[in-house]
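Bear in mind that the values in this text are calculations on the coordinates, not laboratory data. As the structure is a prediction and not an experimental result, all values here were calculated from the model. All Cβ positions, glycine included, derive from the backbone under ideal geometry; neighbour counts span all protein chains shown.
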Amino acid sequence: MNNLSTFLKKELVITMIILFLLFSPPTSVSLKLELDAPPVFALKTNCSYTVHEPIIILSDQNFTDYGFPGTGTEEDPYRIENYLINTTQESAIAVQQTSQHFVIQHCLVTGERYGIFVYNTTYSKPRIESNICTGSIYGIYINAAHFSTITNNTCTNNNGDGIIVWFSADPIITDNACILNNKYGIDILLSSYATVENNTCEENEIVGLAIRNTQTKKVSNNKCINNKYGLECILVYGIISDNYCTDNEMYGIGIHGSHVTLINNTCYENRYGIYNIESFFAKTINNTCEKNDYGIFFTAGSWHNTISNNTAVNNNFYGIYLERSKDCVITYNRLEENKGYGVYLEGRTNLTLVAYNSFINNNPGESSQGYDDGFDNIWYDKKAKKGNYWSDWAGNSSYTIDGRAEAEDRYPLDENLERINIVSPYWAFMSLVVLPVIVIPVLLLYKKRKL
């Protein structure tokens, strides 16, 4: 009910904006807008807007034709600012084929297709700052605009994406709020060295934040909340860190065919906390996956991956699940109070090491906290003779792993992941039965010879 109430309030405010734009005279206006919404989403402005016709820049000369302040240098860019534009034309503001530096800031825009459209801006460094883009197909659309900065914008209730960046080198996308868009909150594709930080992507119909076919500098401290998919990486190379993904219908973070390092992310109450498919040599390190259906889920050709130092707790099914995966390393993870197994290795998973993990109260009431249907997987470090900690281990012999592989942890550890010194039944038999049969006659013979 609270989500519905918030949604209706947002819809009402957007409708009021449109009506205001349609019936206001073309004069300078002062508009203060605030949405009563959760802390994750706050749309606020206190700008003096000038109602304006669409702004279309097709050459460097057009900046002068419009009379915009600035000289077009990096230190003194042309400034398109404080305009209120609602149009049925394709773009509210469009800048194309220019080499001059410019900034678009503090504007409130609605276009038939684009709120703000920037294309092929050679040698310039476009800055798109502190705008409100609503009611278009794309709020902000950047194509072949290198070294662009898109920061502190609010893109909401667009029929497609809030922000989309194509074919652009070194884009910086920071501190934007992309809310209630009908497709993606933010979509970055076929770009290089992207920096994506501190954005909030909430209640978008498909993906909160998507990065595709892109090499990243940094993807960190973004919030993806209540989308269908949270943070999605397809054919990405880079580091994904310190992001917060919660209440997404499918996964918090999805990795597809990517070579990435996932570190210090939090995934809470999604179907899959972290979902990895067909990714090679990916590293999943020090993440927290809590109250999802599956904490960490790897499938379909996820080979040579490292899953280490993660916390997977209170998930509805499994803490870590590997399907059709090969040659992975699962170490130093804390797997606690998952309703199913702490670690589950499906039948087509092989050559995987599971060691130095803490299994605490998983799969309650059943015989084991681990499951292995695969082959050639090993549940201990052969060289060091160290396995995992099992909270339900009986304290003697090895720990049995459920599944057709008939695997076992031969060297269970204590809570500090230290080796527990135990005497196996084999050596007990040797010491109590076999050794006396050999040693006593030898001692008697030695004594007889001495005499």
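The conditions of being buried (at least 24 other Cβ atoms within 10 Å of the Cβ), among the polar types (S, T, N, Q) and within 24 Å of G238 (Cα to Cα) are not met by N158. Looking only at the stretch 242-262, residues that are part of a strand (DSSP E or B) and surrounded by 18 or more Cβ atoms within 10 Å (Cβ to Cβ) come to 10 in all.
Within the stretch 352-391, how many residues are in contact (Cβ under 8 Å) with a residue 40 or more places away in the chain and at positive phi? Residues that pass the stated criteria total 1. Checked against the criterion of being in contact with a strand residue (DSSP E or B) (Cβ under 8 Å, 6 or more places away or on another chain), within 22 Å of A92 (Cα to Cα) and surrounded by 21 or more Cβ atoms within 10 Å (Cβ to Cβ), the stretch 188-197 contains one or more residues that satisfy it. Of all residues in the stretch 178-187, those satisfying the criterion of being buried (at least 24 other Cβ atoms within 10 Å of the Cβ), of a type outside the set (S, T, N, Q) and more than 14 Å from the chain's Cα centre (by Cα) are C178, I179, Y184.
A Cβ distance below 8 Å, combined with a sequence gap of six or more or placement on separate chains, defines the contacts here; from the stretch 332-351, residues that are surrounded by fewer than 17 Cβ atoms within 10 Å (Cβ to Cβ) reach residues that are of a type in the set (K, R) in the pairs G347/R404; R348/R324; L351/K326. Of the residues screened, N292 is one that is assigned to a loop (DSSP other than H, G, I, E, B) and either surrounded by 18 or more Cβ atoms within 10 Å (Cβ to Cβ) or not charged (D, E, K, R) (or both). Within the stretch 137-190, the only residue that satisfies the criterion of being in contact with a Cys (Cβ under 9 Å, 6 or more places away or on another chain), assigned to a loop (DSSP other than H, G, I, E, B) and of a type in the set (G, A, S) is G162.
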